[in-house]
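*Asks:* The structure under discussion is supplied below as structure tokens; questions concerning it will follow.
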Amino acid sequence: MMKWFQRFVVLAAITALVGGCGGAQQQSQQPETQQAAQEQTQQIPSTETSSEPETAAEPQQPAAPENPELILATTTSTVDTGLLDVLVPMFEERTGYSVKTVAVGTGQALKLGENGEADVLLVHAPESEIPLVESGVVVNRQLVMHNDFVIIGPADDPAGVKSATTAAEGLKKIADAGATFISRGDDSGTDKKEKALWKEAGVDPKGQEWYQETGQGMGATITVANEKMAYTLSDRGTYLAQKKNIDLEIVLEGDAPLLNIYHVMQVNPEKYPMVNGDGAKAFVEFMVSDEVQEIIRTYGVDQYGEPLFFPDAGKAEEELTGGN
Amino acid sequence: MEMIGQGIVAALKMLSSGDAELVRVTLLTLRVAGTATLLSVLVGIPLGVLLALVRFPGRNFVISLVNMGMGTPPVVAGLVVSILLWRSGPLGRLRLIYTPTAMVIAQFIIALPLVTGFTLAGIGQLNPKLQDQITALGASRWQLFWLLIREARLSLLAAVIGGFGGVISEVGASTMVGGNILGKTRVLTTATVMEVSKGNFDTAIALSIILMLLIWLVTYALTRLQQGGARVR
């Protein structure tokens, strides 16, 4: 009896230890976060002011906001490219907010906003964002940056997409050839864009033998397309991140409708009392600040040889789309 | 195959460098799964013993529910907990969504039926005369409980291992209620999924290797306990 009891105590001790580790880890979390932020900001040359070493050595605590919890709903592309891993710790250090970044498809991010589950949104589906502005769900919507979508496919290009001049024409060729096309099918910003392009091409791909939906994120979808030697639509950032693993290459790029435009916006605190309005406002201002725009301009250059995003704060959307 | 080799190299590099982020993710994984397992053991073992010993109307129905629960898909547990914890949900005021606590709750729901079910089976396997014998010797209810647990200890440790294995390996619930937030709710499984979608297969393989090592270490400790307990008579 005693032997067994001892063993039970040992087991309890192990479990308590596990819990204890957790506790200790939680306490030490703050300095680690700052350290990580510090390391990340150090990777970015020439954007930090000379006061950086000082703040790094002795992290000055900003006045703690009344409600420090901020939920950011965003798209997988901003997280998968690593951009937010640089920007979010910087924002937290400056303002004292604790940001919970939830990376989902744009459709779901907008839905989270519509239900008041998130405080601030960083998304890329302008046509779907406008109705939320009009219905007062979101306020303070601001242009942050853009990159572009590309159509990728097998190098031998069986559908002849490379000869097309517009994205719609390219998709039409894929449909005519019956070449396999892998769709996200997850109502993300990329998926919404793809659907709009099919519409423009005058093709309804739904239910066609050659049209397959993964329901997964961009990275996973590219992997599927690569295995099937199929075509797909991707944002350039995720494609560049995946490039080292795949045989597919860009078969069409540069058409104006392929622009991928990111906006940041606050969920309306007057409409949802639990929404952290102050924190969301601070994040919007942060994203369009000169300093962050400069980081966006150079982000990814050292790793991919080209920037992943182009900063656009203060511009009108029409300047990018050429008035369309 | 070359990829696996690269993964192993990456794993060794990550382990030897003592990467702060990796340490944090690993400790959080242990903490969340460990807490959920502990809670489910505290509730599940007494519940299993009770279900094994006490006859009451509807017992078979309750047992069938437990057995069904043993197959609870983590995403279902995650969805239910999400709906409860969202700001618009009944427990939204607690602001628990996207916290480790939310992950513990979801994993508890996954582990509880596993622990209860294994306990039920373990106690049920004991010779029914044993219970009568112990009671006849004048044991109190509490003593009976402990003696039966002692007799069924092999099965009970299997219950603990089963519960722990169930939660440390799940990804669906952790992603939904935790959100895979860097520095806050990122655990080894959700980090692995993310690295795959980023195209960093070597990092993903490295994380998998570390996760398997972790599971092995914990189950090894539990196995020692189990088999050591079997030898001492």
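The values are calculated or read from the model by the stated rules, or taken from the named source; none is laboratory data. Computed from a prediction, not measured in an experiment: that's the story for all the values here. We place every Cβ from the backbone using ideal geometry, glycine too, and count neighbours over all the protein chains shown. Areas reflect the complete protein model, heavy atoms only, side chains present, ligands, DNA and RNA absent. Shrake-Rupley method; radii C 1.70, N 1.55, O 1.52, S 1.80 Å.
*Asks:* Hey, got the average number of other protein chain Cβ atoms within 10 angstrom for residues in B:185-198?
*Replies:* Mean inter-chain Cβ contacts per residue within 10 Å come to 3.
*Asks:* May I pose another question? Take the Cα of B:VAL43, step 7 Å along the line toward its Cβ, and report every residue of the range B:59-99 whose backbone nitrogen sits under 13 Å from that point.
*Replies:* Flagged as within label range: B:81.
*Asks:* I want the antiparallel fraction of DSSP beta bridges within the protein assembly as shown, as a percent rounded to 5.
*Replies:* In the protein assembly as shown, DSSP labels about 60 percent of beta bridges as antiparallel.
*Asks:* While we're here: Distance cut-off 25 Å, Cα to Cα: go down the list A:LYS100/A:LYS193; A:LYS228/B:LYS198; A:LYS100/A:LYS243 and report the pairs above it.
*Replies:* Exceeds cut-off: A:LYS100/A:LYS193; A:LYS100/A:LYS243.
*Asks:* Let me ask another. So if I place +1 on the C-beta of Lys and Arg and -1 on the C-beta of Asp and Glu, and nothing else carries charge, what would the dipole magnitude of the range B:153-233 be about its Cα centre? I want it in debye, nearest 20.
*Replies:* In debye, rounded to 20, the range B:153-233 gives about 440.
*Asks:* Hey, another quick one. Assuming R0 = 25 Å, can you tell me the calculated FRET efficiency for the pair B:LEU65 and B:LEU91, based on Cβ-Cβ distance, to the nearest 0.05?
*Replies:* Step by step, r from the Cβ atoms, then E = 0.65.
*Asks:* Given q = 0.22, 0.23, 0.24 Å⁻¹, what are the Debye log10 I(q)/I(0) values for the range A:214-286, with equal point scatterers placed on the Cα positions and solvent ignored?
*Replies:* Values returned for q = 0.22, 0.23, 0.24 Å⁻¹ are -0.92, -0.97, -1.03.
*Asks:* Can you give me the angle between helix B:2-17 and the longest principal axis of chain B, using Cα atoms only, in degrees from 0 to 90, rounded to the nearest 10?
*Replies:* 80 degrees
*Asks:* Could you calculate the FRET efficiency of A:ASN115 with A:GLU66 from 1/(1 + (r/R0)^6), where r is the beta carbon distance between them and R0 is 25 Å, rounded to 0.05?
*Replies:* FRET efficiency, A:ASN115 to A:GLU66: 0.60.
*Asks:* What do you get when you divide the Cα radius of gyration of the protein assembly as shown by 2.2 N^0.38 Å, with N the number of residues?
*Replies:* 1.10
*Asks:* Which order do B:LEU28, B:LEU65 take when ranked by solvent-accessible area (1.4 Å probe, heavy atoms of all protein chains), largest first?
*Replies:* Reading off the accessible areas and sorting them downward yields B:LEU65, B:LEU28.
*Asks:* Separate question: For chain B, what does the convex hull of the Cα positions come to per residue, in cubic angstrom?
*Replies:* 156 Å³
*Asks:* For the range A:157-212, what log10 I(q)/I(0) values come out of the Debye formula at q = 0.23, 0.24 1/Å, with one point per alpha carbon and no solvent?
*Replies:* Cα-only, vacuum Debye calculation for the range A:157-212: -0.90, -0.98.
*Asks:* Could you order B:SER197, B:SER40, B:SER208 so the one with the most accessible surface comes first? Probe is 1.4 Å.
*Replies:* B:SER208, B:SER197, B:SER40
*Asks:* Tell me, in nm to one decimal, what length is gained between A:GLU319 and A:SER163 on full extension, where the rule is 0.36 nm per residue of separation less the Cα-Cα distance?
*Replies:* Full extension of this stretch gives 53.4 nm more.
*Asks:* With all protein chains present and a 1.4 Å probe, how do A:VAL150, B:VAL171, B:VAL193 order by accessible area, largest first?
*Replies:* Per-residue accessible area, sorted high to low, gives B:VAL193, B:VAL171, A:VAL150.
*Asks:* Per residue of A:95-105, how many C-beta atoms from partner chains lie within 10 Å of its own C-beta, taken as a mean?
*Replies:* Mean partner-chain Cβ count within 10 Å for A:95-105: 4.
*Asks:* While we're looking at this one, here's another question. Given contacts defined as C-alpha pairs under 8 Å and at least six residues apart, what's the relative contact order of chain B, whole-number percent?
*Replies:* So the answer I get is 31 percent.
*Asks:* Considering only the other residues whose Cβ falls under 10 Å of the Cβ of A:THR232, what net charge follows from Lys and Arg at +1 and Asp and Glu at -1?
*Replies:* Local charge sum for A:THR232: +1.
*Asks:* With every protein chain in place, what's the accessible area of A:THR165 (1.4 Å probe, Å², nearest 10)?
*Replies:* 100 Å²
*Asks:* What residues have an amide H closer than 5 Å to that of A:ASP148, excluding those fewer than 5 places away on the same chain, when H is modeled at 1.01 Å from N in the peptide plane?
*Replies:* Long-range HN contacts for A:ASP148: A:ARG236, A:GLY237, A:ASN260.
*Asks:* Taking the Cα centre of the protein assembly as shown as origin and charging only Cβ (+1 Lys, Arg; -1 Asp, Glu), how large is the dipole, in debye to the nearest 20?
*Replies:* Rounded to the nearest 20 debye, it is 4000 debye.
*Asks:* Which ³J(HN,Hα) values in Hz, rounded to whole numbers, follow from the phi angles of the range B:78-84 under the Karplus curve 6.51 cos²θ - 1.76 cosθ + 1.60, where θ = phi - 60° and Gly and Pro get x?
*Replies:* Whole-Hz 3J(HN,Hα) from phi for the range B:78-84: x, 5, 4, 5, 4, 4, 5.
*Asks:* Give me the net charge of A:GLY96's neighbourhood, meaning all other residues with Cβ under 14 Å from the Cβ of A:GLY96; Lys, Arg count +1, Asp, Glu -1.
*Replies:* After counting each charged neighbour, the total is -4.
*Asks:* Turning to a different aspect of this structure: Charges on Cβ only, +1 for Lys and Arg, -1 for Asp and Glu, centred on the Cα centroid of the range A:158-223; of A:ALA159, A:PHE181, A:GLN208, which one is farthest towards the dipole's positive end?
*Replies:* Positive-most Cα among the choices belongs to A:ALA159.
*Asks:* OK, next. In the range B:100-228, if the dipole is taken from +1 on Lys/Arg beta carbons and -1 on Asp/Glu beta carbons about the Cα centre, which of B:ASN200, B:TRP146, B:ASN127 is farthest to the positive end?
*Replies:* B:TRP146
*Asks:* So what's the convex hull volume per residue for the Cα atoms of the range B:14-124, in Å³?
*Replies:* Enclosed volume per residue, from the Cα hull, is 132 Å³.
*Asks:* What does the structure give for B:171-182 when I average, per residue, the other chain Cβ atoms found within 10 Å of the residue Cβ?
*Replies:* 3
*Asks:* What full-extension length gain, to one decimal in nm, is calculated for A:GLN303 and A:VAL133 as 0.36 nm per residue of separation minus the Cα-Cα distance?
*Replies:* Roughly 57.6 nm would be gained on extension.
*Asks:* Treat every Asp and Glu Cβ in the range B:1-124 as -1 and every Lys and Arg Cβ as +1, leave all other atoms uncharged, and give the resulting dipole magnitude about the Cα centre to the nearest 20 debye.
*Replies:* 480 debye
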